[in-house]
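The structure under discussion appears below in the form of structure tokens.
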Amino acid sequence: MKSYNETWFSFTFELINTYDPFYEEPERIGSVALLTELLSKHGLLSTKLPASKDLIAVHSYRDTFRDLIRTATDEELSLFLNTHLLRAPIQSSISTTTDGQFLFVYDQPEGKGYSLSNSLLSICSLVLGMELTEYGRSRLKACASAPCEEIFMDHSKNGLQRFCSKRCSTRYHVKKHRQLGHL
């Protein structure tokens with residue numbers, strides 16, 4: 001069984017950020033082997049290995065989602081996520097941990113004719129939907145430090161996070177400081 005946890009969260013945001021113009025080669029998963037490596041890293045390899053059609057589907061999902069973040073209405077974003085949630089059912093159940101905590105566990109049954117890409121993209125849609133319902137659209141942001149375009153969920157207390165990382169924050173502020181120094 002798979003549960004909605006940090007693994008699914010980190011996979012989802014790593015997947016939607018696999019295109020980054022900051023790098024010399026912006027496409028981070030340009031082959032089936034690189035997609036397989038990403039799935040393996042997050043423990044999401046199943047009995048089905050990725051194929052070219054899965055790579056194409058992942059690229060399409062990622063690119064469409066990134067465009068929707070910038071331009072779509074809330075309704076359009078919801079429709080996109082729901083479309084992918086409907087393609088592969090996720091069964092939920094409640095489980096307990098050894099320390100007496102309750103948690104929802106989500107499982108995608110294999111072998112029922114669902115494609116690997118549909119399963120992966122429904123996981124991403126579930127994670128993004130849960131984050132949006134808990135934190136709201138205003139907390140789903142793109143990094144403000146060009147050329148970085150990383151998408152991140154702002155979990156800060158005040159909701160004012162502007163950068164995906166300290167690296168980008170530093171780069172932005174150093175550039176701004178240098179520009180002010182030349183005035």
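The values are calculated or read from the model by the stated rules, or taken from the named source; none is laboratory data. What you see is a predicted model; the values in this text were computed from it and never measured. Note that we place each Cβ from the backbone using ideal geometry, even for glycine, and neighbour counts take in every protein chain shown. Quick note on the areas: whole protein, heavy atoms, side chains included, nothing else; ligands and nucleic acids left out. Shrake-Rupley method; radii C 1.70, N 1.55, O 1.52, S 1.80 Å.
Points to keep in mind about this one:
- Remark: the stretch 51-183 carries a charge dipole of roughly 900 debye about the Cα centre, counting +1 on each Lys and Arg Cβ and -1 on each Asp and Glu Cβ.
- With R₀ fixed at 45 Å, the C-beta to C-beta distance from residue 31 to residue 180 puts the FRET efficiency at about 0.55.
- Stretchable slack from residue 74 to residue 130, in nm (0.36 nm times residue separation minus alpha-carbon distance): 18.7 nm
- Against the chain, whose longest principal axis comes from its Cα atoms, helix 32-41 is set at around 80 degrees.
- 222 nm mean residue ellipticity, helices alone, for the chain (DSSP H n ≥ 4; -39,500 (n - 2.57); rounded to 500): -16500 deg cm²/dmol
- Rounded accessible area per residue of the chain, 1.4 Å, Å²: 58
- Full-extension gain in nm, residue 169 to residue 93, via 0.36 nm per residue minus C-alpha separation: 23.3 nm
- Ligands, DNA and RNA left out, the accessible area of the chain computed with a 1.4 Å probe is 55% carbon and sulfur.
- Over all directions, the projected convex hull of the C-alpha atoms in the chain averages 13.0 nm² in area.
- Note on residue 59 and residue 137: with the Förster distance fixed at 30 Å, the Cβ-Cβ geometry gives a FRET efficiency of about 0.80.
- Counting only alpha carbon atoms, the long axis of helix 116-135 and the longest principal axis of the chain meet at about 60°.
- Neighbour-limited loop hits for trypsin sites (Lys or Arg not before Pro), the stretch 18-123 (at most 10 other Cβ within 10 Å; DSSP other than H, G, I, E, B): 112
- Modelled FRET efficiency - R0 25 Å, residue 82 with residue 51, Cβ distances, 0.05 increments: 0.50
- Dipole orientation for the chain: of the candidates 65, 177, 84, 177 has the Cα lying most toward the positive pole (charges on Cβ; Lys, Arg +1; Asp, Glu -1).
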